[in-house]
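Structure in C-alpha coordinates, see below.
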Amino acid sequence: MTAKATGYLADTPLILGMMRLLDHPELHAPKTLAAWIESQLERGLDVFDHADIYGDGECERLFGDALAAYPGLRDKLRIITKTGIVLAHQDTSQWQTKHYRAEAEHVTGAIDRALGRLRVEQVDTFLIHRPDPLMEAEAVARALEEAVSAGKVRHIGVSNFRPEQWRWLHKNTDLPLSCNQAELSLAHAEPLFDGTHEAQLNDRLRWLAWSPLGGGKLAGHLPNDLLETARAQTGLSETALAMAWIHQIPGKPIPVLGSMNEERIKAALEGCRSELPRPLWFTLLEAVRGQRVP
Ligand SMILES: NC(=O)c1ccc[n+]([C@@H]2O[C@H](COP(=O)([O-])OP(=O)(O)OC[C@H]3O[C@@H](n4cnc5c(N)ncnc54)[C@H](OP(=O)(O)O)[C@@H]3O)[C@@H](O)[C@H]2O)c1
(Lines give C-alpha, C1' and ligand atoms only; values in the text may rest on other atoms or scores of the structure.)
Protein backbone atom coordinates (compact mmCIF):
# COMPACT_ATOMS: atom_id res chain seq x y z
CA MET A 1 0.00 0.00 0.00
CA THR A 2 1.33 3.44 -0.88
CA ALA A 3 1.24 6.14 1.77
CA LYS A 4 -1.99 8.17 1.72
CA ALA A 5 -1.99 11.95 1.77
CA THR A 6 -4.72 14.25 2.93
CA GLY A 7 -4.82 17.98 3.53
CA TYR A 8 -2.48 20.65 2.24
CA LEU A 9 -1.37 20.07 -1.39
CA ALA A 10 -2.61 16.47 -1.25
CA ASP A 11 -3.38 16.66 -4.98
CA THR A 12 0.20 17.58 -5.91
CA PRO A 13 2.74 14.87 -6.80
CA LEU A 14 5.66 17.21 -7.32
CA ILE A 15 6.56 20.87 -6.80
CA LEU A 16 8.81 22.67 -9.26
CA GLY A 17 11.57 24.68 -7.57
CA MET A 18 12.54 27.94 -9.23
CA MET A 19 15.88 28.46 -7.43
CA ARG A 20 17.84 27.56 -10.56
CA LEU A 21 15.84 29.63 -13.04
CA LEU A 22 18.78 31.98 -13.64
CA ASP A 23 20.80 28.98 -14.88
CA HIS A 24 18.37 28.73 -17.80
CA PRO A 25 18.64 31.92 -19.88
CA GLU A 26 16.92 30.07 -22.72
CA LEU A 27 13.70 30.29 -20.64
CA HIS A 28 13.92 33.92 -19.55
CA ALA A 29 11.82 35.59 -22.24
CA PRO A 30 8.26 35.93 -20.88
CA LYS A 31 6.82 34.07 -23.86
CA THR A 32 9.23 31.13 -23.50
CA LEU A 33 8.83 30.91 -19.74
CA ALA A 34 5.04 31.06 -20.04
CA ALA A 35 5.17 28.22 -22.61
CA TRP A 36 7.40 26.20 -20.26
CA ILE A 37 4.94 26.82 -17.38
CA GLU A 38 2.02 25.78 -19.62
CA SER A 39 3.77 22.54 -20.52
CA GLN A 40 4.20 21.75 -16.80
CA LEU A 41 0.52 22.52 -16.19
CA GLU A 42 -0.38 20.10 -18.98
CA ARG A 43 1.39 17.30 -17.13
CA GLY A 44 -0.45 18.19 -13.92
CA LEU A 45 2.30 20.19 -12.19
CA ASP A 46 0.89 23.50 -11.01
CA VAL A 47 2.88 24.37 -7.87
CA PHE A 48 6.02 26.53 -8.21
CA ASP A 49 8.42 27.24 -5.35
CA HIS A 50 10.17 30.60 -5.02
CA ALA A 51 12.03 32.64 -2.40
CA ASP A 52 13.08 36.26 -2.27
CA ILE A 53 16.75 35.25 -2.27
CA TYR A 54 16.62 33.13 -5.45
CA GLY A 55 18.67 35.17 -7.89
CA ASP A 56 18.28 38.14 -5.49
CA GLY A 57 14.60 38.36 -6.47
CA GLU A 58 15.29 37.91 -10.17
CA CYS A 59 13.68 34.42 -10.28
CA GLU A 60 10.40 35.82 -8.93
CA ARG A 61 10.66 38.78 -11.30
CA LEU A 62 11.13 36.63 -14.42
CA PHE A 63 8.25 34.41 -13.34
CA GLY A 64 6.08 37.49 -12.72
CA ASP A 65 6.89 38.88 -16.18
CA ALA A 66 5.70 35.60 -17.73
CA LEU A 67 2.47 35.69 -15.68
CA ALA A 68 1.82 39.33 -16.56
CA ALA A 69 2.32 38.68 -20.27
CA TYR A 70 -0.34 35.94 -20.23
CA PRO A 71 -3.39 37.02 -18.22
CA GLY A 72 -5.24 33.95 -16.99
CA LEU A 73 -2.03 31.95 -16.48
CA ARG A 74 -1.76 32.97 -12.84
CA ASP A 75 -5.16 31.45 -12.01
CA LYS A 76 -4.03 28.04 -13.24
CA LEU A 77 -1.12 27.67 -10.82
CA ARG A 78 -0.08 27.89 -7.18
CA ILE A 79 2.88 29.84 -5.87
CA ILE A 80 4.95 29.25 -2.76
CA THR A 81 7.48 31.85 -1.69
CA LYS A 82 9.49 32.66 1.42
CA THR A 83 11.57 35.21 3.25
CA GLY A 84 13.88 35.36 6.23
CA ILE A 85 17.41 34.95 4.88
CA VAL A 86 19.68 37.88 4.02
CA LEU A 87 22.76 36.78 2.09
CA ALA A 88 26.11 38.44 2.83
CA HIS A 89 26.14 40.41 -0.42
CA GLN A 90 22.58 41.64 0.29
CA ASP A 91 23.49 43.02 3.71
CA THR A 92 23.77 46.78 3.27
CA SER A 93 25.28 47.28 6.73
CA GLN A 94 29.02 47.56 7.26
CA TRP A 95 29.07 43.92 8.42
CA GLN A 96 28.16 42.31 5.07
CA THR A 97 27.04 39.26 7.02
CA LYS A 98 24.65 36.49 6.09
CA HIS A 99 21.88 36.62 8.66
CA TYR A 100 18.22 35.76 9.29
CA ARG A 101 15.32 38.22 9.45
CA ALA A 102 12.19 36.49 10.70
CA GLU A 103 11.18 39.91 11.94
CA ALA A 104 7.59 41.19 11.71
CA GLU A 105 8.34 44.37 9.77
CA HIS A 106 10.65 42.56 7.38
CA VAL A 107 8.10 39.80 6.79
CA THR A 108 5.35 42.32 6.00
CA GLY A 109 7.59 44.21 3.57
CA ALA A 110 8.87 40.97 2.02
CA ILE A 111 5.33 39.81 1.25
CA ASP A 112 4.57 43.09 -0.53
CA ARG A 113 7.85 42.98 -2.44
CA ALA A 114 7.21 39.36 -3.52
CA LEU A 115 3.70 40.26 -4.73
CA GLY A 116 5.25 43.13 -6.70
CA ARG A 117 7.93 40.98 -8.36
CA LEU A 118 5.55 38.10 -9.06
CA ARG A 119 2.90 40.59 -10.25
CA VAL A 120 0.13 38.78 -8.41
CA GLU A 121 -2.35 39.84 -5.76
CA GLN A 122 -1.90 36.78 -3.57
CA VAL A 123 0.66 34.04 -2.98
CA ASP A 124 -0.78 30.65 -2.16
CA THR A 125 1.75 29.83 0.55
CA PHE A 126 4.20 32.03 2.39
CA LEU A 127 7.02 30.46 4.43
CA ILE A 128 9.53 31.66 6.98
CA HIS A 129 12.67 30.39 5.26
CA ARG A 130 14.85 29.53 8.29
CA PRO A 131 14.39 29.43 12.04
CA ASP A 132 15.78 32.68 13.45
CA PRO A 133 17.04 32.72 17.04
CA LEU A 134 16.04 36.39 17.25
CA MET A 135 12.48 35.78 16.04
CA GLU A 136 9.75 37.32 18.21
CA ALA A 137 7.16 34.66 17.43
CA GLU A 138 4.16 36.67 18.57
CA ALA A 139 5.00 39.65 16.34
CA VAL A 140 5.78 37.44 13.33
CA ALA A 141 2.54 35.52 13.85
CA ARG A 142 0.60 38.85 13.80
CA ALA A 143 2.38 39.92 10.59
CA LEU A 144 1.44 36.61 8.92
CA GLU A 145 -2.15 36.83 10.17
CA GLU A 146 -2.49 40.37 8.81
CA ALA A 147 -1.22 39.22 5.41
CA VAL A 148 -3.76 36.39 5.42
CA SER A 149 -6.66 38.65 6.43
CA ALA A 150 -5.64 41.19 3.78
CA GLY A 151 -5.86 38.37 1.20
CA LYS A 152 -2.15 38.66 0.31
CA VAL A 153 -1.36 35.11 1.47
CA ARG A 154 -3.56 31.98 1.59
CA HIS A 155 -1.50 29.52 3.64
CA ILE A 156 1.42 30.03 5.98
CA GLY A 157 4.22 27.63 6.79
CA VAL A 158 7.86 27.24 7.73
CA SER A 159 11.05 25.93 6.23
CA ASN A 160 13.99 24.14 7.86
CA PHE A 161 12.30 24.35 11.28
CA ARG A 162 12.82 21.77 14.05
CA PRO A 163 9.67 20.61 15.92
CA GLU A 164 10.06 22.90 18.93
CA GLN A 165 10.68 25.85 16.61
CA TRP A 166 7.49 25.41 14.56
CA ARG A 167 5.51 24.61 17.71
CA TRP A 168 6.60 27.90 19.28
CA LEU A 169 5.48 29.89 16.25
CA HIS A 170 2.27 27.90 16.07
CA LYS A 171 1.51 28.51 19.74
CA ASN A 172 1.27 32.20 18.87
CA THR A 173 -1.38 31.91 16.16
CA ASP A 174 -4.68 30.20 15.50
CA LEU A 175 -3.78 29.85 11.82
CA PRO A 176 -2.70 26.37 10.79
CA LEU A 177 0.90 25.87 9.70
CA SER A 178 0.56 24.07 6.38
CA CYS A 179 4.04 22.68 5.86
CA ASN A 180 7.69 22.49 6.74
CA GLN A 181 9.90 22.74 3.66
CA ALA A 182 12.99 20.82 4.66
CA GLU A 183 15.74 18.81 3.01
CA LEU A 184 14.98 15.17 2.26
CA SER A 185 16.53 12.68 -0.13
CA LEU A 186 18.33 9.38 -0.19
CA ALA A 187 21.41 11.49 0.52
CA HIS A 188 19.75 13.27 3.48
CA ALA A 189 17.58 10.82 5.37
CA GLU A 190 18.40 11.68 9.01
CA PRO A 191 15.03 13.40 9.70
CA LEU A 192 13.40 10.00 9.11
CA PHE A 193 15.32 8.55 12.04
CA ASP A 194 15.46 11.36 14.60
CA GLY A 195 11.73 11.92 15.22
CA THR A 196 11.37 14.99 12.96
CA HIS A 197 9.28 13.04 10.46
CA GLU A 198 6.86 11.78 13.13
CA ALA A 199 6.63 15.29 14.64
CA GLN A 200 5.55 16.64 11.23
CA LEU A 201 2.94 13.89 10.88
CA ASN A 202 1.69 14.43 14.39
CA ASP A 203 1.38 18.20 13.87
CA ARG A 204 -0.08 17.75 10.36
CA LEU A 205 2.62 19.69 8.57
CA ARG A 206 3.13 18.51 5.01
CA TRP A 207 6.81 17.84 4.30
CA LEU A 208 7.93 19.70 1.20
CA ALA A 209 11.17 17.88 0.44
CA TRP A 210 13.84 20.18 -0.99
CA SER A 211 16.82 18.88 -2.98
CA PRO A 212 15.17 15.47 -3.56
CA LEU A 213 18.08 14.55 -5.87
CA GLY A 214 20.59 15.89 -3.35
CA GLY A 215 21.04 18.97 -5.54
CA GLY A 216 22.69 16.66 -8.14
CA LYS A 217 24.99 14.99 -5.59
CA LEU A 218 22.92 11.81 -5.60
CA ALA A 219 24.17 11.01 -9.11
CA GLY A 220 27.05 8.60 -8.75
CA HIS A 221 26.12 7.52 -5.22
CA LEU A 222 24.10 4.53 -6.34
CA PRO A 223 26.22 1.73 -7.83
CA ASN A 224 25.48 0.93 -11.47
CA ASP A 225 24.77 -2.76 -10.82
CA LEU A 226 22.15 -1.82 -8.20
CA LEU A 227 20.57 0.73 -10.58
CA GLU A 228 20.44 -1.87 -13.36
CA THR A 229 18.83 -4.51 -11.13
CA ALA A 230 16.36 -1.96 -9.75
CA ARG A 231 15.51 -0.83 -13.27
CA ALA A 232 14.95 -4.44 -14.35
CA GLN A 233 12.54 -4.95 -11.43
CA THR A 234 10.71 -1.60 -11.48
CA GLY A 235 11.42 -0.05 -14.88
CA LEU A 236 12.53 3.14 -13.09
CA SER A 237 15.57 5.34 -13.73
CA GLU A 238 17.78 6.76 -10.97
CA THR A 239 15.76 10.00 -10.82
CA ALA A 240 12.47 8.11 -10.69
CA LEU A 241 13.77 5.77 -7.97
CA ALA A 242 14.83 8.76 -5.84
CA MET A 243 11.35 10.27 -6.16
CA ALA A 244 9.48 7.02 -5.54
CA TRP A 245 11.64 6.57 -2.44
CA ILE A 246 10.40 9.92 -1.04
CA HIS A 247 6.77 9.51 -2.09
CA GLN A 248 6.45 6.19 -0.30
CA ILE A 249 7.11 7.73 3.11
CA PRO A 250 3.92 8.03 5.22
CA GLY A 251 2.34 11.47 4.89
CA LYS A 252 3.69 11.59 1.32
CA PRO A 253 6.37 14.26 1.43
CA ILE A 254 6.20 16.26 -1.81
CA PRO A 255 9.54 16.57 -3.62
CA VAL A 256 10.52 20.12 -4.58
CA LEU A 257 12.46 19.35 -7.75
CA GLY A 258 15.15 21.80 -8.84
CA SER A 259 15.62 20.52 -12.35
CA MET A 260 13.96 22.39 -15.20
CA ASN A 261 15.06 19.73 -17.66
CA GLU A 262 12.10 18.08 -19.42
CA GLU A 263 13.46 14.53 -19.30
CA ARG A 264 14.33 14.82 -15.60
CA ILE A 265 10.89 16.25 -14.76
CA LYS A 266 9.19 13.43 -16.69
CA ALA A 267 11.28 10.80 -14.88
CA ALA A 268 10.59 12.48 -11.53
CA LEU A 269 6.87 12.42 -12.14
CA GLU A 270 6.98 8.77 -13.13
CA GLY A 271 8.74 8.06 -9.83
CA CYS A 272 6.10 9.95 -7.86
CA ARG A 273 3.49 7.62 -9.34
CA SER A 274 5.41 4.44 -8.55
CA GLU A 275 5.90 2.24 -5.55
CA LEU A 276 9.07 0.41 -4.54
CA PRO A 277 9.19 -3.03 -2.97
CA ARG A 278 10.04 -2.43 0.70
CA PRO A 279 13.38 -4.31 0.57
CA LEU A 280 14.45 -2.16 -2.40
CA TRP A 281 13.53 1.01 -0.43
CA PHE A 282 15.98 -0.08 2.28
CA THR A 283 18.60 -1.32 -0.20
CA LEU A 284 18.73 2.13 -1.85
CA LEU A 285 19.07 3.80 1.54
CA GLU A 286 21.80 1.41 2.59
CA ALA A 287 23.70 1.95 -0.68
CA VAL A 288 23.81 5.73 -0.20
CA ARG A 289 24.47 5.68 3.55
CA GLY A 290 27.09 2.96 3.25
CA GLN A 291 25.65 1.10 6.23
CA ARG A 292 22.75 -1.20 7.00
CA VAL A 293 19.96 -0.18 9.31
CA PRO A 294 20.82 -1.57 12.76
N1 LIG B 1 13.71 25.85 1.73
C2 LIG B 1 15.00 25.77 1.53
O3 LIG B 1 15.82 26.08 2.40
C4 LIG B 1 15.49 25.27 0.19
C5 LIG B 1 16.86 25.01 0.00
C6 LIG B 1 17.28 24.56 -1.26
C7 LIG B 1 16.34 24.39 -2.29
N8 LIG B 1 15.02 24.68 -2.04
C9 LIG B 1 14.00 24.47 -3.11
O10 LIG B 1 14.16 23.17 -3.60
C11 LIG B 1 14.31 23.20 -5.01
C12 LIG B 1 15.17 22.07 -5.45
O13 LIG B 1 16.48 22.20 -4.97
P14 LIG B 1 17.68 21.56 -5.78
O15 LIG B 1 17.79 22.19 -7.11
O16 LIG B 1 18.88 21.56 -4.91
O17 LIG B 1 17.12 20.05 -5.93
P18 LIG B 1 17.39 18.76 -6.76
O19 LIG B 1 16.18 18.50 -7.58
O20 LIG B 1 17.84 17.74 -5.79
O21 LIG B 1 18.63 19.09 -7.70
C22 LIG B 1 18.48 19.58 -8.99
C23 LIG B 1 19.85 19.81 -9.57
O24 LIG B 1 20.56 18.56 -9.61
C25 LIG B 1 20.97 18.31 -10.93
N26 LIG B 1 20.89 16.86 -11.17
C27 LIG B 1 19.96 16.01 -10.74
N28 LIG B 1 20.23 14.75 -11.14
C29 LIG B 1 21.37 14.82 -11.85
C30 LIG B 1 22.17 13.87 -12.52
N31 LIG B 1 21.85 12.56 -12.54
N32 LIG B 1 23.28 14.29 -13.15
C33 LIG B 1 23.61 15.61 -13.15
N34 LIG B 1 22.89 16.58 -12.52
C35 LIG B 1 21.80 16.18 -11.88
C36 LIG B 1 19.96 19.06 -11.81
O37 LIG B 1 20.53 19.27 -13.07
P38 LIG B 1 19.60 19.43 -14.38
O39 LIG B 1 19.12 20.84 -14.35
O40 LIG B 1 20.54 19.12 -15.49
O41 LIG B 1 18.49 18.44 -14.30
C42 LIG B 1 19.77 20.33 -10.99
O43 LIG B 1 20.86 21.22 -11.19
C44 LIG B 1 14.86 24.59 -5.32
O45 LIG B 1 14.56 25.01 -6.63
C46 LIG B 1 14.13 25.42 -4.30
O47 LIG B 1 12.85 25.75 -4.79
C48 LIG B 1 14.58 25.10 -0.84
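Quick check: anything in region 221-240 surrounded by 15 or more Cβ atoms within 10 Å (Cβ to Cβ), modelled with pLDDT under 95 and within 16 Å of the ligand (Cβ to nearest atom)?
The answer is yes, given that some residue of region 221-240 is surrounded by 15 or more Cβ atoms within 10 Å (Cβ to Cβ), modelled with pLDDT under 95 and within 16 Å of the ligand (Cβ to nearest atom).
Scan region 114-132 residue by residue and report those that are charged (D, E, K, R) and more than 17 Å from the chain's Cα centre (by Cα).
The answer is ARG117, ARG119, GLU121, ASP132.
Continuing with this model, one more query. Among residues belonging to region 148-162 that are away from the ligand (no atom under 16 Å from the Cβ) and free of Cβ contacts under 8 Å to residues at least 40 places away in the same chain, point out the one that is surrounded by the most Cβ atoms within 10 Å (Cβ to Cβ).
Top of the filtered list is VAL148.
State yes or no: is GLY258 in contact with a Lys or Arg (Cβ under 8 Å, 6 or more places away or on another chain), closer than 27 Å to MET18 by Cβ and within 16 Å of the ligand (Cβ to nearest atom)?
yes
Across region 276-294, what is the total count of residues that are in contact (Cβ under 8 Å) with a residue 24 or more places away in the chain and either surrounded by 15 or more Cβ atoms within 10 Å (Cβ to Cβ) or among the basic types (Lys, Arg) (or both)?
The number of residues fulfilling the criteria is 9.
Look at HIS170 and say whether it is buried (at least 19 other Cβ atoms within 10 Å of the Cβ), outside any loop (DSSP other than H, G, I, E, B) and more than 16 Å from the ligand (Cβ to nearest atom).
Judged against the criteria, HIS170 is a match.
Here is a further query. Here are the criteria: (1) part of a loop (DSSP other than H, G, I, E, B); (2) over 21 Å from CYS59 (Cα atoms). Tell me which single one ARG130 does not satisfy.
(2)
Among the residues of region 190-220 satisfying the criterion of being of a type in the set (A, V, I, L, M, F, W, C) and farther than 20 Å from PRO131 by Cα, which is surrounded by the fewest Cβ atoms within 10 Å (Cβ to Cβ)?
PHE193
Filter region 201-216 down to the residues that are within 8 Å of the ligand (Cβ to nearest atom) and either assigned to a loop (DSSP other than H, G, I, E, B) or of a type in the set (Gly, Ala, Ser) (or both) and list them by number.
SER211, PRO212, LEU213, GLY214, GLY215, GLY216
List the residue pairs whose Cβ atoms are under 7 Å apart, where the first residue sits in region 203-229 and is aromatic (Phe, Trp, Tyr), the second is more than 12 Å from the ligand (Cβ to nearest atom), and the two are 6 or more positions apart or on different chains.
Close Cβ pairs satisfying both conditions: TRP207/GLN200; TRP207/GLY251; TRP207/PRO253.
While we're here: Taking the conditions exactly as written (more than 18 Å from LEU208 (Cβ to Cβ) and either in contact with a strand residue (DSSP E or B) (Cβ under 6 Å, 6 or more places away or on another chain) or surrounded by 14 or more Cβ atoms within 10 Å (Cβ to Cβ) (or both)), does HIS106 satisfy them or not?
yes
Okay, moving on. Can you report the number of residues in region 94-109 which are more than 16 Å from VAL140 (Cβ to Cβ) and among the small types (Gly, Ala, Ser)?
0
Still on this model: Just to be sure before I move on: is ILE111 touching a helix residue (DSSP H, G or I) at 6+ places or on another chain (Cβ under 8 Å), within 16 Å of the ligand (Cβ to nearest atom) and either of a type in the set (A, V, I, L, M) or assigned to a helix (DSSP H, G or I) (or both) in the structure I sent?
For ILE111, the condition - touching a helix residue (DSSP H, G or I) at 6+ places or on another chain (Cβ under 8 Å), within 16 Å of the ligand (Cβ to nearest atom) and either of a type in the set (A, V, I, L, M) or assigned to a helix (DSSP H, G or I) (or both) - is not met.
The values are calculated or read from the model by the stated rules, or taken from the named source; none is laboratory data. These numbers come from a predicted model, not from an experiment. Cβ sites come from the backbone with ideal geometry, for glycine too, and all protein chains shown count toward neighbours.
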